[in-house]
1. Among the candidates ILE96, ILE113, which residue alone is assigned to a helix (DSSP H, G or I), modelled with pLDDT of 85 or more, open to solvent by 10 Å² or more (accessible area, probe 1.4 Å) and not assigned by TED's automatic domain parsing to the domain that holds MET566?
2. Of all residues in the stretch 433-465, how many are in contact with a strand residue (DSSP E or B) (Cβ under 7 Å, 6 or more places away or on another chain), open to solvent by less than 30 Å² (accessible area, probe 1.4 Å) and not β-branched (Val, Ile, Thr)?
3. Mind checking which residues of the stretch 313-372 are modelled with pLDDT of 75 or more, assigned to a helix (DSSP H, G or I) and among the small types (Gly, Ala, Ser)?
4. Of the numbered conditions (1) open to solvent by 70 Å² or more (accessible area, probe 1.4 Å); (2) more than 16 Å from the ligand (Cβ to nearest atom); (3) in contact (Cβ under 8 Å) with a residue 60 or more places away in the chain, LEU405 satisfies every one except a single condition; which is it?
5. Out of (1) part of a helix (DSSP H, G or I); (2) surrounded by fewer than 18 Cβ atoms within 10 Å (Cβ to Cβ); (3) modelled with pLDDT under 90, the odd one out for HIS144 is which?
6. Say whether the condition of being over 22 Å from ASP460 (Cα atoms), touching a residue at least 60 places away in the same chain (Cβ under 8 Å) and open to solvent by 30 Å² or more (accessible area, probe 1.4 Å) is met by at least one residue in the stretch 558-567.
7. Suppose we filter the stretch 537-573 for residues that are in a helix (DSSP H, G or I) and aliphatic (A, V, I, L, M); how many remain?
8. For the stretch 466-487, name all the residues that are in contact with a strand residue (DSSP E or B) (Cβ under 7 Å, 6 or more places away or on another chain) and either among the small types (Gly, Ala, Ser) or within 6 Å of the ligand (Cβ to nearest atom) (or both).
Amino acid sequence: MTPGKKKLKSRSITRSISKFSIILVGILGGLLKATEITYIEELKIANHLRTTNPQQFLEQIDYVADLQLPDEENEALRNYLLGYAAALKGNSEQAIGYYHKVIASRAHNPLIIRTKLALANLQVLNKDYAAALELIKNVLASAHGQEDSLRNHIYQVAAIVYNEVGQYELAEQTLSNLTQIDNTVAGLKDKCLLAAVKAQTWYELSKINTEEAAFIDTSYQNCSEKEPVYALSAKFYGLADMIRSGRYKEASSEISNQLKIVEELGYSYLTAGYYTLNALSLSGIGDQSSAQLYADKAIETAEKNNRDTVTTWLLEAYYLNSQLLKEKGEMELALEFLEEYLVKINRYKNDESSKQLAYQLVEHETESKQQKIEQLNQQNLLLKLEQDLAKKEAVNNRLVLALALVLLGTLAFWSYRIKRHQIRLRKQSQTDQLTGLSSRHHFYETAKAILQRSESEQQDVGFILFDMDHFKSINDKYGHLIGDWVLQNTAEVVKTSCRQNDLAGRLGGEEFAIFLPACNLKKAQQLAEICRKAISQVDTTETGYRFDISASFGVTSTELSGYDLMDLIADADKAMYSAKSKGRNQIVVVDSFVKEFEQLIS
Ligand SMILES: Nc1nc2c(ncn2[C@@H]2O[C@H](COP(=O)(O)OP(=O)(O)OP(=O)(O)O)[C@@H](O)[C@H]2O)c(=O)[nH]1
């Protein structure tokens with residue numbers, strides 16, 4: 001009996017119908033061509049399973065992963081499901097890998113489109129806004145002519161992505177296409193999701209009037225039993241709009257009815273948002289002490305669960321808290337919240353500007369393609385003119401040719417300028433704005449390319465990962481601006497210590513990484529030591545304070561960890577944490593003995 005079959009037997013009968021569906025997707029992949037069930041229908045079965053019981057979907061995906069599949073179409077379908085499962089487990093790198101395999105395959109168009117949409121969603125979460133927008137643009141271009149439910153899905157995801165990158169007008173335009181088909185083909189889940197997306201778009205465009213508010217309320221009633229998350233998300237924007245227009249009392253009593261349900265659902269984004277709304281409405285009706293309690297709760301929930309993301313609601317909570325403390329005369333604490341608010345607003349603006357940049361980049365690339373087509377048309381015209389000229393041999397016509405040449409020159413000049421602008425935009429989106437090192441996404445992409453090349457040329461690659469020591473206490477003692485100064489000066493040390501071909505990046509927060517092509521473990525260790533020493537010698541007097549800074553390093557190389565990026569990061573990460581636990585400000589190199597042992601037992 002194969003392990004897959006054993007697993008199958010042990011499952012309960014109550015789940016057997018949906019289980020059977022997913023196994024059908026796998027086992028009968030090739031045979032299904034001959035039956036009435038199309039691949040899209042199989043996909044719907046799997047879709048149904050993952051939305052109705054994600055836990056069961058994850059169990060069964062292990063089984064599907066082991067099946068021998070007869071053709072590329074089924075293989076692509078399986079990769080789509082594996083990608084979805086990886087994304088569910090929070091492994092976005094792996095999910096992206098699977099989705100790219102589907103896109104590169106010759107699977108039929110609807111599956112490719114669904115995969116691109118899933119990938120676009122994931123790229124938004126990854127903050128790779130340009131990639132998400134490019135995918136959306138591409139998929140929207142093929143929306144026309146697709147069957148209704150797929151077209152519905154395309155417009156829905158496009159609107160979500162446009163909302164996420166702050167392009168609300170575009171989201172609204174996209175939604176207006178959708179309303180023509182939603183009533184005929186959308187199920188309850190789709191309708192509820194759509195209501196939440198619409199509510200957000202209207203709120204951001206300040207367009208919630210009587211009709212829209214009624215739509216939000218009806219959707220809330222229809223969706224709250226089966227799709228509570230979407231119902232409450234839609235309602236959230238209705239309530240936010242009430243608060244914006246000063247209807248605090250009304251908002252407060254509605255929120256107090258919903259708060260318990262929101263807390264029970266356990267979605268931290270939603271809960272933190274509702275806490276902020278509650279704080280704002282309570283403050284509006286003069287109950288300042290409860291308002292402060294909820295502003296605190298909003299901050300605590302958001303900081304505990306989504307530390308990397310700054311939302312406008314978190315900003316509101318920080319600001320409200322500082323104002324309430326000021327009113328109470330607790331000036332020192334009020335100042336601390338205000339300072340944190342300023343730091344957060346800076347980070348928020350950074351994120352917003354990278355969204356804007358990504359949008360411009362994608363738009364610009366399209367513009368530049370159109371420019372090229374235009375240029376080709378002009379060249380054809382010119383050719384025709386030349387031929388006419390040759391025929392007529394008239395002196396005056398030479399003048400026309402000269403004019404056309406000037407026109408061509410101007411066009412060439414403009415396309416050169418557009419190209420330059422485009423290169424500048426791309427460079428900006430690949431760079432971490434605070435330190436000027438590679439951004440996380442660009443670092444990963446470039447590292448993968450380096451590893452691929454080095455593996456085929458049989459060259460070693462060194463890898464260094466390091467994290468600043470006690471950085472939180474630097475922020476706490478001297479403020480975030482000084483913390484930023486430390487990050488910038490650390491980046492300067494890295495830049496001056498690295499060779500031109502090395503790749504240095506900021507992976508997030510106070511964590512940095514360096515890739516060293518054509519470099520063995522020993523040399524990587526030496527460079528890490530140079531950086532460690534230089535960081536510990538950074539003179540902080542210019543900040544107005546004197547304090548020590550240091551970092552802990554983990555070092556490995558392809559000799560020990562192989563050519564897989566994730567393996568290199570995981571090994572260096574372990575070594576780095578060992579450096580932290582040994583007392584910080586030191587380097588730990590991956591232990592070759594332990595590594596060999598791990599390989600032996602794996
Ligand atoms: N100034 C500044 N602080 C940041 C930035 N990104 C993350 N942080 C802060 O970095 C701190 C990291 O703290 P911890 O993860 O607790 O690590 P640590 O204090 O360095 O402790 P160890 O790593 O154990 O030595 C948090 O306070 C973050 O708010 C940034 O861009 N600028």
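The values are calculated or read from the model by the stated rules, or taken from the named source; none is laboratory data. Since the model is a prediction, treat every value here as computed from it, not as a measurement. Glycine gets a Cβ as well: all are built from the backbone with ideal geometry, and neighbour counts include every protein chain shown. Side chains included, ligands, DNA and RNA excluded: accessible areas come from the protein's heavy atoms. Shrake-Rupley method; radii C 1.70, N 1.55, O 1.52, S 1.80 Å.
1. ILE96
2. Summing the residues that are in contact with a strand residue (DSSP E or B) (Cβ under 7 Å, 6 or more places away or on another chain), open to solvent by less than 30 Å² (accessible area, probe 1.4 Å) and not β-branched (Val, Ile, Thr) in the stretch 433-465 gives 10.
3. ALA317, SER322, ALA334
4. In the conditions (1) open to solvent by 70 Å² or more (accessible area, probe 1.4 Å); (2) more than 16 Å from the ligand (Cβ to nearest atom); (3) in contact (Cβ under 8 Å) with a residue 60 or more places away in the chain, LEU405 misses (3) alone.
5. Unmet condition: (1).
6. no
7. Number satisfying all stated conditions: 7.
8. ASP467, MET468, ASP469
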